[in-house]
Amino acid sequence: MHKNFTFLNSISDISEGTFSEIQKITTFKRIKAGTQIVKLDDVPSKAYMIVSGIVRCYLITESGKEFNKSFYLPVSFAASLTALMKRKPSSLVFETLTDCKVYEIDYYKVMGLCETNSKLKTLYTKILEFQYIKYEKRLIDSISLNATERYLQLKKQIPDVDKLISQYHIASYLGITSVQLSRIRKKISS
């Protein structure tokens, strides 16, 4: 049994036939660290299932400052969903922080298959629900937790975060400076 079939079935029950249809519109790719898989203002057509490596999603202000919105680790899905759904330029950038292995999925072909395949439509809905729950938790944490608590929450989600992701990116994700992050780390370790 293919491990991706098993993984997708852990989200929602799909048949081998449905999995075969998904495979036809999916391409396995190895992507080098530092590659933007979704660029600012591009109109994307792909979604990604990350099977190894780390991808970050960030916003760039007019002054050029970057704010990390999300980190995607294996096995998860990453896409500029609003841009895909509205067929509009992406306001977000998705960049590989490490070398990654991904399955690139043609979003519009998936949507076409969802029109005739109820099992695939249920899988798509479950993935969206999971992404929304993750987004809502991040929003609540950013409002209700202080910087130290947000850092500890991130360490809980990504135990080796300090080894895997640069201090700059972690600080940006937490909404603090690198100096503040250093102080938090020092305080926690003492």
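Look through 102, 93, 110 and report the one residue that is surrounded by 19 or more Cβ atoms within 10 Å (Cβ to Cβ) and within 28 Å of residue 62 (Cβ to Cβ).
On the way: 102 fails: within 28 Å of residue 62 (Cβ to Cβ); 110 fails: within 28 Å of residue 62 (Cβ to Cβ).
Step by step, each of 102, 93, 110 is checked, and only 93 is surrounded by 19 or more Cβ atoms within 10 Å (Cβ to Cβ) and within 28 Å of residue 62 (Cβ to Cβ).
Looking at the structure I just gave you, is residue 71 surrounded by 18 or more Cβ atoms within 10 Å (Cβ to Cβ) and closer than 27 Å to residue 175 by Cα? Full working, then the answer.
Working: surrounded by 18 or more Cβ atoms within 10 Å (Cβ to Cβ): yes; closer than 27 Å to residue 175 by Cα: yes.
Judged against the criteria, residue 71 is a match.
When you scan segment 9-44, how many residues do you find that are within 24 Å of residue 98 (Cβ to Cβ) and either surrounded by 12 or more Cβ atoms within 10 Å (Cβ to Cβ) or modelled with pLDDT under 95 (or both)?
Residues in segment 9-44 being within 24 Å of residue 98 (Cβ to Cβ) and either surrounded by 12 or more Cβ atoms within 10 Å (Cβ to Cβ) or modelled with pLDDT under 95 (or both): 13 in total.
Quick test for you: out of 152, 139, pick the one residue that is part of a helix (DSSP H, G or I), of a type in the set (A, V, I, L, M) and modelled with pLDDT under 95.
The conditions single out 139.
Are any residues in segment 60-79 more than 9 Å from the chain's Cα centre (by Cα) and of a type in the set (S, T, N, Q), and if so, which ones?
Residues satisfying the conditions are 61, 63, 68.
Name the residues in segment 138-190 that are of a type in the set (Ser, Thr, Tyr) and touching a Phe, Trp or Tyr at 6+ places or on another chain (Cβ under 8 Å), would you?
172, 173, 178, listed by residue number.
Just for segment 165-180: of the residues that are farther than 16 Å from residue 141 by Cβ and part of a helix (DSSP H, G or I), which one is nearest to the chain's Cα centre (by Cα)? Reasoning before the result, please.
At the first step, the residues of segment 165-180 found to be farther than 16 Å from residue 141 by Cβ are 165-169, 177-180.
Going one step further and asking which of them are part of a helix (DSSP H, G or I), we end up with 167-169, 178-180.
Numbers: 167: 19, 168: 18, 169: 15, 178: 23, 179: 26, 180: 25 Å.
The extreme case among them is 169.
Could you check residue 63 against (1) open to solvent by 50 Å² or more (accessible area, probe 1.4 Å); (2) assigned to a helix (DSSP H, G or I); (3) of a type in the set (S, T, N, Q) and say which number it fails?
Exception for residue 63: condition (2).
Under 7 Å between Cβ atoms, which residue pairs at least 6 apart in sequence (or on different chains) link something in segment 140-158 that is under 21 Å from residue 53 (Cα atoms) with a partner that is assigned to a loop (DSSP other than H, G, I, E, B)?
From segment 140-158, the pairs are 153/145; 158/73.
Just for strands (runs of 3 or more DSSP E) wholly inside segment 1-52: which have at least 3 residues that are in contact with a strand residue (DSSP E or B) (Cβ under 7 Å, 6 or more places away or on another chain) and either closer than 15 Å to residue 124 by Cβ or of a type in the set (Lys, Arg) (or both)?
Here the list reads 26-31, 46-52.
Of the residues 157, 131, which single one is within 25 Å of residue 27 (Cβ to Cβ), at pLDDT below 95 and under 22 Å from the mean Cα position of the chain (by Cα)?
Step by step, each of 157, 131 is checked, and only 131 is within 25 Å of residue 27 (Cβ to Cβ), at pLDDT below 95 and under 22 Å from the mean Cα position of the chain (by Cα).
Output the residues belonging to segment 113-136 that are hydroxyl-bearing (Ser, Thr, Tyr), open to solvent by 90 Å² or more (accessible area, probe 1.4 Å) and either touching a helix residue (DSSP H, G or I) at 6+ places or on another chain (Cβ under 7 Å) or part of a helix (DSSP H, G or I) (or both).
132, 135 - these are the residues of segment 113-136 that are hydroxyl-bearing (Ser, Thr, Tyr), open to solvent by 90 Å² or more (accessible area, probe 1.4 Å) and either touching a helix residue (DSSP H, G or I) at 6+ places or on another chain (Cβ under 7 Å) or part of a helix (DSSP H, G or I) (or both).
State the number of residues belonging to segment 137-147 that are open to solvent by less than 30 Å² (accessible area, probe 1.4 Å) and either within 15 Å of the chain's Cα centre (by Cα) or within 16 Å of residue 187 (Cα to Cα) (or both).
Result for segment 137-147: 1.
The values are calculated or read from the model by the stated rules, or taken from the named source; none is laboratory data. Fair warning: this is a prediction, and the values are worked out from it, not measured in the lab. For neighbour counting, all protein chains shown are included, and Cβ atoms are generated from backbone atoms with ideal geometry for every residue, glycine included. For the accessible areas, the whole protein counts, side chains as well, though only heavy atoms, and no ligand, DNA or RNA atoms are used. Shrake-Rupley method; radii C 1.70, N 1.55, O 1.52, S 1.80 Å.
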